[in-house]
Amino acid sequence: MTIGLGSGRAVFALADALAGAEPDKPPVRVAVASPVTAARARASGMEVVTLDDASRLDLSIDGADEVDPRLDLLKGGGAALLREKLVMACADRVLIVAERRKYVQRLGTLHPLPVEVVRFGWHTTRRRLLELVGEAELRHGPDGRPLVTDEGHYLLDCPVPPGDLRALAAAVKGTLGVVEHGLFLGVADEVILGDDDGSVAVLHPGDPALQD
C-alpha cells in the first residue's frame, strides 16, 4: 500500500505510533502533504515518496479543524490545505481522525474558512471575496509577517456566511486570484472522533448525526 498523510497533530501522532511498530516488515510507503509531515514520517522509519511517483494512493489519512454531520470538513488551520486536497484527490479512500470537540452542526462554528490566494494583487482578490463573505483577514505568522504557504501563497481567513456550502465553495473557487479554499465537501469515507474519556466514534456518510 501507499498511504497519503496530511498534516496536523492527529497525523503526527499516527506517524509516531507507527515508528518501529513492525520492524521485520518493509517500511510503510507514504506521500505527504507538508515538509513537517515528511520529517516526522522519515523519523518514524517510513518511506516517503512524492505524490507524482505514487500516482494513486490506497488510503489518505488526515485531520480536520471541523467536521459536520454530513462529514464535510473545514481544514486549513495549519496552512497546508492545497497540498492536503491534492493528496486526498489521489486516494481511493479518505480517513479523517479528529477530536470529538471538532464535531459541529455547521462548518465555520469554531474556525474561519481559509482561502489560499496568489500574492500578486491579493488586495484586489480580497475585494472580490468580500462580495461573498463578510470579512477576509490576511493570516500572519508568529513573526508578525504575512504567512506564506508551502506553495508560496497567502491565506485569507473568512467567516462562513449562512447558506448553501456547496454554492459558497463553487463561488469562492471561481473567484479570480483564489487558488483553493478550506471546504472539503464530500471527500471523507470515514471519520474517527476521539473524546477526552478515551471513547471513539466511527462515522460514515449517511450515519445519524451525533448528539451533543
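Taken as a whole, segment 165-179 holds no residue that is more than 19 Å from Pro114 (Cβ to Cβ), at pLDDT 95 or above and in contact with a strand residue (DSSP E or B) (Cβ under 7 Å, 6 or more places away or on another chain).
Conditions tested, residue by residue: (1) assigned to a helix (DSSP H, G or I); (2) touching a residue at least 60 places away in the same chain (Cβ under 8 Å); (3) open to solvent by less than 70 Å² (accessible area, probe 1.4 Å); (4) aromatic (Phe, Trp, Tyr).
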| residue | (1), (2), (3), (4) |
| --- | --- |
| Ala38 | yes, no, yes, no |
| Ala41 | yes, no, yes, no |
| Gly45 | no, no, yes, no |
| Asp52 | yes, no, no, no |
| Pro69 | no, yes, yes, no |
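Beta carbons closer than 8 Å, at least 6 apart along the sequence or on distinct chains, pair a first residue in segment 1-17 that is farther than 19 Å from Leu51 by Cα with a second that is assigned to a helix (DSSP H, G or I) and at pLDDT 85 or above for Asp16/Arg40.
One line per residue, one yes/no per condition, for (1) assigned to a strand (DSSP E or B); (2) open to solvent by less than 40 Å² (accessible area, probe 1.4 Å); (3) farther than 17 Å from Gly8 by Cα:
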| residue | (1), (2), (3) |
| --- | --- |
| Arg101 | no, no, no |
| His123 | no, no, yes |
| Val133 | no, yes, yes |
| Gly144 | no, no, yes |
| Thr149 | no, yes, no |
| Pro161 | no, yes, yes |
| Ile192 | yes, no, no |
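Taking the conditions exactly as written (closer than 22 Å to Ala13 by Cβ, in contact with a helix residue (DSSP H, G or I) (Cβ under 7 Å, 6 or more places away or on another chain) and open to solvent by 30 Å² or more (accessible area, probe 1.4 Å)), does Val97 satisfy them or not? In short, yes.
The values are calculated or read from the model by the stated rules, or taken from the named source; none is laboratory data. Everything numeric here is computed off the predicted structure, so don't read it as measured data. Neighbour counts run over all protein chains shown; Cβ positions are idealised from the backbone, glycine included. Ligands, DNA and RNA are stripped out before the accessible areas are found, and what is left, the full protein with its side chains, is counted by its heavy atoms. Shrake-Rupley method; radii C 1.70, N 1.55, O 1.52, S 1.80 Å.
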